[in-house]
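J.: Pasting in a structure now, in structure tokens, and then I'll have a few things to ask.
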Amino acid sequence: MSLTVDRLGASFRDPSGFLFHRNGQLFRQVNNVYKEDYDLLMSSGLYEKLTQKGWLVSHVEVDASQFVSEQSYKFLQPEKIKFISYPYEWSFSELKDAALQTLRIQKTALQAGMTLKDASAYNMQFHNVAPVLIDTLSFTTYIEGQPWVAYRQFCQHFLAPLALMSRVDIHLSKLLQIYIDGIPLDLTSKLLPRLSRLNGGLLTHIHLHAYAQKKYSATSETHTKQRAQVSKQAMIGLIESLKSTVMKLTWKPHETDWAEYYQATNYSDKAFEHKKRLVSELIHEVSPKTLWDLGANNGEFSRLGIDLEDCSIISSDIDPGAVELNYLTCKKEHIKNILPMVIDLTNPSPAIGWANTERQSLFQRGPVDLCLALALIHHLAISNNVPLQDISNLLAQSGRKLIIEFVPKEDSQVKRLLASREDIFIDYHEDGLIRAFSQDFLLEKQIPIEGTCRTVYLFSRK
Amino acid sequence: MYLDPGSGSVILQTVLASLLGAGVIIRVFWKKIKSLGGKKNLENVEIEEENNSDEFDS
């Protein structure tokens, strides 16, 4: 008798197969309806080519007779992706790189007689600091003359948010959190400045595309299919045009902001070096397999853990500019175990999609072995009025161990935060911190940073 | 096909098809002309095209 399996919440749209967990391991069922496409993927050399390049997640076929059903053709065990992140959590260049990787894969697939039947940004994940396609079942046999079924999805998931981030405001990537199948093109067209029509790619793939969607919304599908003929040459032209449009979209923070990211404000060089040495020693003492640097700024302190073997590091900050710089630095220095993410801890990613189970909330994807919260608590406690006890509760959900840098009221950074408001934070001091955190954590170490009034703490969850 | 490609998206592709297809042919042709000027032979150009066709110069 076959066992029934519980498929993952996000794995229901495509009838070709689905993902499920069993005994803590991830499996993919390939259904009989996908048999011919799967066999072509494996026999055409496309799978080998894409996995060798690191563009497609690799898998092994497994014998799983206990799960066999009338529907099932094969069972795969995909290579594990350490942390699943979502496009609304990526910096500009992360989304841009994922977009270009999707187009590269599509072009390579066409050469092998296949095509991507979807182009969802959620199918791309960062693995060793490069975007990789995680959906093995995204390929289908290419039939000459057929248009690209995933063209609309590519434009909604990648081109629209990139154009809005580049041409309107970087924070508009968060629209992806509201529109789970990508930002509607009519909305994108409305939000983009008029001058964007002078860009041939945006004019075609966003503005005319939105117009065509509206004009032909009532056209019957059969009628469209009968008329549609797109040669292979034209399909390659379409991919090239999308590539060129994506590549021309750029964004970088204001130059003065970039300079600020490099400066360790309020520190002498000596104090900064002492803090680095101290935090590095503590990280290596804990020797985590998973580390989350909250409020990581440009990721300088996250990079203290790059020599830890097999340690997966999430480096998050609220500032898209800092995260962009972090990602570009990791790319340039070939740092493979850090994933920079844009996260607002005062309003972290919720669980969204169908039945709120398609995309997990940030904390559903934890906890980690070690959390870093360096010069972060004062932003949460003073700028956002969160009581220290509540911060402790949240951090206890997030990590088993915790390194905190506490910035007291005597520090100029906190003085600045309090300059324009009444000081209602009577518990905001070292004793208050230890008292609040002692309900969830055991205090292991408490070390002052030389030349400052700041202190570093190592806590361990009770 | 489990995705709805969208009638407008399909029609736009067919309208763009001739333009985009012609663009690819012109680009390939132009590269060949340029490389002939550089005294490379056509065979080498075709091999280079094949090698570079899946790599974006990003």
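Read-outs throughout are calculated quantities, based only on the coordinates presented, and are distinct from any laboratory measurement. Bear in mind the structure is a predicted one, so any value in this text is a computation, not a measurement. All Cβ positions, glycine included, derive from the backbone under ideal geometry; neighbour counts span all protein chains shown.
J.: Can you show me the helix-derived [θ] at 222 nm for chain A, built from DSSP H runs with n ≥ 4 at -39,500 (n - 2.57) apiece and divided by the number of residues, rounded to the nearest 500. Intermediate values should be presented prior to the final figure.
T.: Details: 16 runs with 156 residues, N = 462.
It comes out at -10000 deg cm²/dmol, rounded to the nearest 500.
J.: Hey, how many Å between the Cα centroid of the stretch A:301-317 and the Cα centroid of the stretch A:26-53?
T.: With the stretch A:301-317 and the stretch A:26-53 each reduced to a Cα centre, they are spaced 33 Å.
J.: If you don't mind, another one. Taking square-rooted eigenvalues a ≥ b ≥ c of the alpha carbon gyration tensor, is the stretch A:87-248 rounded, prolate or oblate, where a/c under 1.5 means rounded and, failing that, a/b exceeding b/c means prolate?
T.: Working: a/c = 1.67, a/b = 1.11, b/c = 1.50.
It comes out oblate by the Cα gyration axes.
J.: Now, a different point. How many partner chain Cβ atoms sit within 10 Å of a residue's Cβ in peptide A:102-110, on average, as a whole number?
T.: On the way: counts 0, 1, 4, 1, 1, 4, 3, 1, 2.
The per-residue average across the peptide is 2.
J.: For A:Leu249, what residues show an amide H to amide H distance below 5 Å, using hydrogens built from the backbone and excluding near sequence neighbours?
T.: none
J.: Let me ask something additional. Looking at the square roots a ≥ b ≥ c of the eigenvalues of the Cα gyration tensor of the stretch A:3-154, which shape do they give, rounded for a/c under 1.5, prolate if a/b is larger than b/c, or oblate?
T.: Details: a/c = 1.70, a/b = 1.20, b/c = 1.41.
Oblate, since a/c reaches 1.5 and b/c is not below a/b.
J.: Could you give the angle, 0 to 90 degrees to the nearest 10, between helix A:232-248's Cα long axis and the longest principal axis of the Cα atoms of chain A?
T.: Approximately 20 degrees, to the nearest ten.
J.: Just to compare against my own numbers: the Cα pair-distance distribution for chain A, 10 Å bins, whole % per bin, please.
T.: Percent of Cα pairs in each bin: 4, 18, 27, 24, 16, 8, 3, 0.
J.: For the stretch A:76-112, which GluC sites (Glu not before Pro) are both in a DSSP coil and crowded by at most 16 other Cβ atoms within 10 Å? Kindly include the intermediate steps, with their values, before the conclusion.
T.: Numbers: sites: A:Glu79, A:Glu89, A:Glu94; in loops: A:Glu79.
For GluC sites (Glu not before Pro) across the stretch A:76-112 that sit outside H, G, I, E and B with at most 16 neighbouring Cβ atoms in 10 Å, the list reads A:Glu79.
J.: Which Cα, out of A:Phe437, A:Asn385, A:Pro288, lies furthest along the positive dipole direction of the stretch A:255-461 (beta carbon charges, K/R +1, D/E -1)?
T.: It is A:Pro288, whose Cα lies furthest towards the positive end.
J.: Follow-up. Antiparallel versus total DSSP beta bridges in chain A: what percent is that, nearest 5? Don't skip to the answer; put the middle values down first.
T.: Details: 37 of 58 bridges.
The antiparallel proportion sits near 65 percent.
J.: A follow-up question, please. Would you please put A:15-28, A:364-377 in order of how densely packed they are, using the mean number of other Cβ atoms within 10 angstrom per residue and starting with the highest? If you can, show how the numbers build up before the last one.
T.: Details: A:15-28: 16.2, A:364-377: 21.4.
Order by mean packing, descending: A:364-377, A:15-28.
J.: May I pose another question? Step through the table entries A:Lys107/B:Lys32; A:Lys190/A:Lys214; A:Lys107/A:Lys174; A:Lys53/A:Lys117; A:Lys49/A:Lys232, compare each Cα-Cα distance with 23 Å, and write down the pairs that go over it.
T.: Working: A:Lys107/B:Lys32 21 Å; A:Lys190/A:Lys214 13 Å; A:Lys107/A:Lys174 29 Å; A:Lys53/A:Lys117 21 Å; A:Lys49/A:Lys232 21 Å.
Violating the 23 Å Cα-Cα cut-off are A:Lys107/A:Lys174.
J.: For the stretch B:1-19 and the stretch A:95-118, what is the separation of their Cα centres, given in Å?
T.: Comparing the Cα centres of the stretch B:1-19 and the stretch A:95-118, I get a distance of 17 Å.
J.: So what does log10 I(q)/I(0) come out to for the stretch A:17-78 at q = 0.23, 0.26, 0.30 Å⁻¹, using the Debye formula with one equal point on every Cα and no solvent?
T.: Normalising to I(0) and taking log10 leaves -1.01, -1.18, -1.32.
J.: Among A:Gln111, A:His334, A:Asn298, whose Cα projects farthest towards the positive end of the dipole of chain A, with charges put on the beta-carbon of Lys, Arg (+1) and Asp, Glu (-1)?
T.: Farthest towards the positive pole: A:Gln111.
J.: Okay, moving on. Is there a simple number for the mean count of other chain Cβ atoms within 10 Å of the Cβ of residues in B:18-27, and what is it? Walk me through the intermediate numbers first.
T.: Working: counts 5, 5, 13, 9, 3, 7, 11, 3, 1, 3.
The shielding value for this peptide is 6.
J.: As an exercise, identify the trypsin sites (Lys or Arg not before Pro) in the stretch A:49-104 lying in DSSP coil whose Cβ has no more than 12 other Cβ atoms within 10 Å. List each step's numbers first, then the result.
T.: On the way: sites: A:Lys49, A:Lys53, A:Lys74, A:Lys80, A:Lys82, A:Lys96, A:Arg104; in loops: A:Lys80, A:Lys82.
Within the stretch A:49-104, the qualifying trypsin sites (Lys or Arg not before Pro) (loop, at most 12 other Cβ atoms within 10 Å) are A:Lys80.
J.: Counting only other chains, and only Cβ atoms inside 10 Å, what mean value do you get across the residues of A:208-217?
T.: Values: counts 4, 6, 2, 2, 9, 6, 1, 4, 7, 3.
Mean shielding by partner chains, rounded to a whole number: 4.
J.: Would you kindly give the portion of the calculated P(r) for the stretch A:317-453 that falls above 24 Å, as a percent of all Cα pairs? Write down the numbers at each step before the final one.
T.: Details: 3851 of 9316 pairs.
Of the Cα pairs, 41 percent sit more than 24 Å apart.
J.: How far is helix A:320-332 tilted off the main Cα axis of chain A, in degrees rounded to 10, range 0 to 90?
T.: Result, in degrees: 70.
J.: Can you order the peptides A:424-434, A:341-351 by their average number of other Cβ atoms within 10 Å per residue, highest first?
T.: A:341-351, A:424-434
J.: Here's something else I'd like to know. Where nothing but the Cβ of Lys and Arg (+1) and of Asp and Glu (-1) is charged, how large is the charge dipole of the stretch A:341-407 around its Cα centre, in debye to the nearest 20?
T.: Details: 4 positive and 5 negative charges, 31 e Å.
Roughly 140 debye for the stretch A:341-407.
J.: Roughly how big is chain A's charge dipole about its Cα centre, with Cβ charges of +1 (Lys, Arg) and -1 (Asp, Glu), in debye to the nearest 20? Before the final figure, lay out the partial values.
T.: Numbers: 50 positive and 52 negative charges, 300 e Å.
Charge dipole of chain A: 1440 debye, to the nearest 20.
J.: Report, in degrees rounded to the nearest 10, the 0 to 90 angle that the Cα long axis of helix A:92-111 makes with the longest principal axis of chain A.
T.: Helix A:92-111 sits roughly 30 degrees off the main axis of chain A.
J.: I need the GluC sites (Glu not before Pro) found in the stretch A:315-358, filtered to DSSP loop residues with at most 15 other beta carbons within 10 Å of theirs. Walk me through the numbers before you get to the answer.
T.: Values: sites: A:Glu324, A:Glu333, A:Glu358; in loops: A:Glu333, A:Glu358.
Answer by residue number: A:Glu333.
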